[in-house]
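Notes follow once the structure below has been shown.
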Amino acid sequence: MKKGIILVPYMSGNGGTETIIHNLFTAIGNNEEKIELKLISIGGTSNANWINGLPADVFKISKSYSINESKLIRTCFYLSVLPLKLFAYIKNENPDIIISTNPVMWTIAKQITKILNRKVPIVAWYHYSLKEHPIKKKYFYQADYFFAISSGIKKQLIDLGIDKNKIYLIFNPIVSDYSLIERPKDIIHFIYVGRLMLYGQKNMHELFDALSNVKGKWVLDVYGAAFGPKAQRVTDQIKSYIEDRGISEKIRFHGFKKKPWMKIDKANAIILTSKYEGLPTVLCEAISHGVYCVSSNIETGPADIINKRNGKLFISGKSSELSKILQNIVDDSGTLPSQEEIRKTSFTFSVKNYKKVFLKSLYEILEQ
């Protein structure tokens, strides 16, 4: 039995990477292949709920508590303790392959395998756009292989000089019951699912600007919340912004939901106005429920998911283009692809397909 470890740093417990890791273990939880994976979290998590339900009988999950939510304290911890912790884990676990989402971790892991004189492939599994979240080139050269979660990230890696034969495009898995969500005809229901941010990555002001120019019967259901010490300020800022745009009566806030797709009962289309993403899981989940997707055509992510069978892309920064797309939906929602057609496009991201792609990538790396 081959053994692999996945190294992750501190996680809040509320982010997309946590969901992906949970879905990964769900996807291969009934794995009867010749490889065992173990998740090692150094620094722990503030909210361990994302670990719950993982198949610990098959995969040994390290459930550690958060050292501290302070970034400064975590940094001091990593500088002083991380190398020793990793050395102990790698020596004791003696893995055949090491995967990490963190560039510092995979770099230190590489040096440790050299010290131990063990030939263990190091796989970098980075979850962000390399242009929006750049990392030092020296870290790239410490990884032997790369898992890319989108075609855009794969291209970014190639542009940085990484051999394309060392990159495996694996996307992200979604856990879904594939039930169709009602598509109402009398009042168009737009939805937003994600972190609340008026500016920055989520760029929600562009969504509100576009909606302020859409006429007719529509509502926007918002599922999500702001996080961090400025959460209330961000929430108040958003509510003030939509009031200034004269659309506050058409926007309903439902707060953060651990499983939002179990709470959403009506939806004509989901809207994403992000400035950058890795691979937006929320769009993959949406199409699995037959929900039409409208998203900014950013460098990485949406173009791997959205096509003419399930949605529409618009140029980020052009709220007038987004307004036109949304107005067309309000004026004639009957022109949207059928929900069954949309649902079929999600099978690329199903846990069954992901298991096949992920394990195939691992085997190819181990065979080399």
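The values are calculated or read from the model by the stated rules, or taken from the named source; none is laboratory data. Because the structure is a prediction, the values reported are computed rather than measured. All Cβ positions, glycine included, derive from the backbone under ideal geometry; neighbour counts span all protein chains shown. Protein only, heavy atoms only, side chains kept; ligands, DNA and RNA dropped before computing areas. Shrake-Rupley method; radii C 1.70, N 1.55, O 1.52, S 1.80 Å.
Among the residues of region 338-352, those identified as free of Cβ contacts under 8 Å to residues at least 60 places away in the same chain and assigned to a helix (DSSP H, G or I) are Glu341, Ile342, Lys344, Phe347.
Here is a check on your reading of the model: is Lys356 in a helix (DSSP H, G or I), without any contact (Cβ under 8 Å) to a residue 24 or more places away in the chain, out of contact with any helix residue (DSSP H, G or I) (no Cβ under 7 Å at 6 or more places or on another chain) and among the charged types (D, E, K, R)?
Working: in a helix (DSSP H, G or I): yes; without any contact (Cβ under 8 Å) to a residue 24 or more places away in the chain: yes; out of contact with any helix residue (DSSP H, G or I) (no Cβ under 7 Å at 6 or more places or on another chain): yes; among the charged types (D, E, K, R): yes.
Spelling it out, Lys356 is indeed in a helix (DSSP H, G or I), without any contact (Cβ under 8 Å) to a residue 24 or more places away in the chain, out of contact with any helix residue (DSSP H, G or I) (no Cβ under 7 Å at 6 or more places or on another chain) and among the charged types (D, E, K, R).
Taking region 109-154 as the range and being under 13 Å from Leu169 (Cα atoms) and without any contact (Cβ under 8 Å) to a residue 24 or more places away in the chain as the test, the residues that pass are Phe146, Ala148, Lys154.
Flag not set for Gly4, criterion: touching a His at 6+ places or on another chain (Cβ under 9 Å) and at pLDDT 80 or above.
Which strands (runs of 3 or more DSSP E) sit wholly inside region 243-336 and have at least 1 residues that are aromatic (Phe, Trp, Tyr) and either in contact (Cβ under 8 Å) with a residue 24 or more places away in the chain or farther than 20 Å from Leu211 by Cα (or both)?
On the way: elements: 251-253, 269-272, 292-296, 311-314.
Because the criterion is at least 1 residues that are aromatic (Phe, Trp, Tyr) and either in contact (Cβ under 8 Å) with a residue 24 or more places away in the chain or farther than 20 Å from Leu211 by Cα (or both), the strands (runs of 3 or more DSSP E) in region 243-336 that meet it are 251-253, 292-296.
Do any strands (runs of 3 or more DSSP E) lying entirely in region 83-178 carry at least 3 residues that are under 21 Å from Ile40 (Cα atoms) and of a type outside the set (Val, Ile, Thr), and which ones are they? Full working, then the answer.
On the way: elements: 97-100, 122-124, 145-148, 167-169.
Passing ranges, in order: 145-148.
I'd like to check something: does region 226-235 contain any residue that is on the phi > 0 side of the Ramachandran plot, open to solvent by 10 Å² or more (accessible area, probe 1.4 Å) and modelled with pLDDT of 95 or more? Quick ask: steps written out before the conclusion?
Within region 226-235, the subset on the phi > 0 side of the Ramachandran plot is 228.
Pick out the ones that are also open to solvent by 10 Å² or more (accessible area, probe 1.4 Å) and you get 228.
Then drop every residue that is not modelled with pLDDT of 95 or more, which leaves none.
Within region 226-235 (the criterion being on the phi > 0 side of the Ramachandran plot, open to solvent by 10 Å² or more (accessible area, probe 1.4 Å) and modelled with pLDDT of 95 or more), the answer is no, since none of the residues qualifies.
Across region 71-95, the qualifying residues are those that are open to solvent by 50 Å² or more (accessible area, probe 1.4 Å) and in contact (Cβ under 8 Å) with a residue 60 or more places away in the chain, and the one among them that is nearest to the chain's Cα centre (by Cα) is Tyr89. If you go through region 185-213 and pick out every residue that is surrounded by 15 or more Cβ atoms within 10 Å (Cβ to Cβ) and touching a strand residue (DSSP E or B) at 6+ places or on another chain (Cβ under 9 Å), you end up with 16. Total residues in region 212-242 satisfying the condition of being of a type in the set (S, T, N, Q) and in a helix (DSSP H, G or I): the figure is 4.
Scanning region 129-154 for residues that are farther than 20 Å from Ser361 by Cα and out of contact with any helix residue (DSSP H, G or I) (no Cβ under 7 Å at 6 or more places or on another chain) yields Glu132, His133, Pro134, Lys136, Lys137, Lys138. For region 319-346, residues that are open to solvent by 60 Å² or more (accessible area, probe 1.4 Å) and at pLDDT below 95 total 3.
Quick check on Cys284: is it under 24 Å from Trp50 (Cα atoms) and either of a type in the set (A, V, I, L, M, F, W, C) or open to solvent by less than 40 Å² (accessible area, probe 1.4 Å) (or both)? For Cys284, the condition - under 24 Å from Trp50 (Cα atoms) and either of a type in the set (A, V, I, L, M, F, W, C) or open to solvent by less than 40 Å² (accessible area, probe 1.4 Å) (or both) - is met.
Please determine, by comparing only the residues of region 240-255 that are hydrophobic (A, V, I, L, M, F, W, C) and in contact with a Lys or Arg (Cβ under 9 Å, 6 or more places away or on another chain), which one is nearest to Ala48 (Cα to Cα). Checking each candidate, the answer is Phe253. Within region 183-192, is there a residue that is assigned to a loop (DSSP other than H, G, I, E, B), aromatic (Phe, Trp, Tyr) and under 28 Å from Glu132 (Cβ atoms)? The answer is no; no qualifying residue exists. Does at least one position in region 7-20 carry a residue that is modelled with pLDDT of 90 or more, farther than 24 Å from Glu285 by Cβ and surrounded by 15 or more Cβ atoms within 10 Å (Cβ to Cβ)? For region 7-20, residues modelled with pLDDT of 90 or more, farther than 24 Å from Glu285 by Cβ and surrounded by 15 or more Cβ atoms within 10 Å (Cβ to Cβ): present. Taking every residue in region 3-22 that is over 14 Å from Trp125 (Cβ atoms) and pairing it with any residue that is of a type in the set (D, E, K, R) and part of a loop (DSSP other than H, G, I, E, B), at least 6 positions away or on another chain, the pairs with Cβ-Cβ distances below 6 Å are Lys3/Asp96. Give me the residue from region 347-368 that is under 30 Å from Lys119 (Cα atoms) and hydroxyl-bearing (Ser, Thr, Tyr) and, out of that set, surrounded by the fewest Cβ atoms within 10 Å (Cβ to Cβ). Here the answer is Tyr363.
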